[in-house]
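The values are calculated or read from the model by the stated rules, or taken from the named source; none is laboratory data. Here the structure is a predicted model, which means the values were calculated and not measured. Positions of Cβ are backbone-derived with ideal geometry, glycine not excepted, and every protein chain shown enters the neighbour counts.
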Amino acid sequence: MKQLGSQTWEFTNRPVILGTSAVVGPEEGEGPLASTFDYIYDSLEMGEKTWEKAERALFEKASKLALMNANLDQDKLEFFVGGDLLNQIISSSFAARKLGVPYLGVFGACSTSMESLAIASMIVDSGGGKYVLAGTSSHNCTVEKQFRYPTEYGSQKPPTAQYTVTGSGCAVVGVNDGTAKGPHVIYATLGRIMDLGLKDPFNMGTAMAPAAADTITAHFRDTGLSPGYYDLVVTGDLASIGLPIAKELLAKEGIPMEQTVFNDCGLMMYDLDKQKYVIAGGSGAGCSATVTYGHIIGRMKKGELKRVLIVATGALLSPLSYQQGESIPCVAHAVALESGGEGA
Amino acid sequence: MNNKENLIKHGTKGRETVCLLPVPFRIFVQEVSILPAKTKKSGVKLNLDGLTPQAYQELAKPYVPSRPVFKNCIRAFLSGGLICVLGQGIQEAFMAIFDMSSREAASPTVAILILLSVILTSFGVYDKLSQWCGAGTAVPVTGFANSMCSAALEHRAEGLVLGVGGNMFKLAGSVIVFGVVAAFIVGVVYAVMGWGGAH
């Protein structure tokens, strides 16, 4: 592994994503990507008594399925890197009880998906472990309960609001021993905090757009590549308001994003015309995780995509911080994937 | 000291911030007043580095749809009005059927509206209605009932005492606090002006 520029890691041993899983809730199951998910729950409760237990169940299901898809015995798994949006990241820590391996809890709000994948890839690439699980989750109701109002409370959301995805995505990153099949992790660009003074927790897309633009710019600056190198560049959850702003910021930096397909997981997850309740689009750590580990990895395996850059964006606010009138610090972490030859 | 000499300007695309501090503090101010911090190491300066919060909010403005205030007002008027008509209907029914005066009928009318609101909240309907209705479902007594019922349901998982008991007034509490404060002020005004006594 080596450092490129100031923010990017190049994984010279090219760790392999052996298997992934995407488990979602009922609303995501009504969206256009339904067929790409491994498991769709038909109720938000998932047969559990509390929302927190439901999110944990989601995470446990996803980690189990990822190991199954990777064809890896749970005994062989060596490390688990995970995080979620709840206070003290309880979903991932409690799900880690069932895995019984050394665990690193990480928090990057909705950017946790790529943060955990970058760290897992670093562990594998540097020889710190052979098989590492990276994963994250979010649940619409736990997030509403913690960050906003009780789930059944009738408040009118503004047209900039986004809908937290109920879903969990996990990936097993393994050492590239020549026989391992799956997409390779080639770069990770870690983002720095961008805070441009936005305070509205119902307008996260606008708050996060500069962080996404900054990390994308840093990625191309550090690697010397141009957007055309990738078949697809996706942001995590900028949704219908943040994505065009990020496009304008990138145009100002002189990054020719028109060379590639530039989309957003929050827009891909739902059918915005039919699923009106999502308003501006999806958000949450589970959004970029399930779209990446379900839809995007699936397309890479089919050979439709060769190289992809995923830029997961996170708004690092807490209910306390915005009630105290603080602005929202945001971060974005990017991971570049490349399909690993035929059949991968 | 000549303040003019100490003036420094650091340009940030179209905006100029003037710093009036003495020399030793200048560098410090320059570094913290621009968000985010400059790109270290690489030496390449991005346009984003010089973007001020004001300039960014100006740039983002055309993309951010504002709340449709007029439409929301119309919807709130219709839906809130409908709830009031329903309440009036219930009150008239009490008066006609049970031979109550309008004052006597008021309390059972409110109780029925609260019950309806709690039932709709429990079935997960009220929050969906309120996305359309806005203030129309928030302002009447049904909105107050919804705020208490939703909080009680949500925090049942944390037990009856710490969960339901401790959180039931999480949202409704401020209505009660400021209602009491407002009533106190009005009461003081009445007492001072000598308007009271009309029971």
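Here are the numbers for this structure:
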quantity	calculated
Verdict on A:GLU30 being surrounded by fewer than 17 Cβ atoms within 10 Å (Cβ to Cβ), touching a residue at least 60 places away in the same chain (Cβ under 8 Å), within 17 Å of A:TYR163 (Cβ to Cβ) and in the same structural domain as A:GLU144 (by TED's automatic domain parsing)	yes
Scope the stretch B:62-71; condition surrounded by 11 or more Cβ atoms within 10 Å (Cβ to Cβ) and more than 7 Å from every other protein chain (Cβ to nearest Cβ); matching residues	B:PRO68
Residue in the stretch B:171-193 that is under 20 Å from B:VAL118 (Cα atoms) and aromatic (Phe, Trp, Tyr) present	no
Residues that are crowded, with 24+ Cβ neighbours inside 10 Å and farther than 24 Å from A:GLY167 by Cα, drawn from the stretch A:292-327	none
Residue check, A:LEU133 aliphatic (A, V, I, L, M) and assigned by TED's automatic domain parsing to the domain that holds A:MET268	no
In the stretch B:127-168, the residues that are surrounded by fewer than 16 Cβ atoms within 10 Å (Cβ to Cβ), within 12 Å of chain A (Cβ to nearest Cβ) and of a type in the set (Gly, Ala, Ser)	B:ALA157, B:GLY159
Among the residues listed as A:ASP271, A:ASP264, the single one being crowded, with 24+ Cβ neighbours inside 10 Å, under 27 Å from A:LYS61 (Cβ atoms) and of a type in the set (D, E, K, R)	A:ASP264
Candidates A:LYS252, A:LYS247, filtered to the one that is at pLDDT below 95 and either facing another protein chain (nearest Cβ under 10 Å) or buried (at least 24 other Cβ atoms within 10 Å of the Cβ) (or both)	A:LYS252
Scope the stretch A:245-277; condition within 18 Å of the chain's Cα centre (by Cα) and touching a residue at least 60 places away in the same chain (Cβ under 8 Å); matching residues	A:GLY266, A:MET268, A:MET269, A:TYR270
Only listed residue being within 14 Å of chain B (Cβ to nearest Cβ), over 24 Å from A:ILE241 (Cα atoms) and not acidic (Asp, Glu), chosen from A:TYR163, A:TYR149, A:TYR153	A:TYR153
Residue check for A:LEU320: among the hydrophobic types (A, V, I, L, M, F, W, C), free of Cβ contacts under 8 Å to residues at least 12 places away in the same chain and not in a loop (DSSP other than H, G, I, E, B)	yes
All helices (runs of 4 or more DSSP H) inside the stretch A:38-137 with 1 or more residues being over 30 Å from A:LEU317 (Cβ atoms) and touching a helix residue (DSSP H, G or I) at 6+ places or on another chain (Cβ under 8 Å)	A:51-69
So A:LEU190, is it within 14 Å of another protein chain (Cβ to nearest Cβ) and in contact with a His (Cβ under 8 Å, 6 or more places away or on another chain)	yes
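Matching residues to (1) surrounded by 13 or more Cβ atoms within 10 Å (Cβ to Cβ); (2) away from chain A (no Cβ under 13 Å); (3) modelled with pLDDT of 95 or more:
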site	(1), (2), (3)
B:LEU82	yes, yes, yes
B:GLY87	yes, yes, yes
B:THR109	yes, yes, yes
B:LEU120	yes, no, yes
B:LYS170	yes, no, no
B:ALA183	no, yes, yes
B:VAL189	no, yes, no
B:VAL192	no, yes, no
B:GLY197	no, yes, no
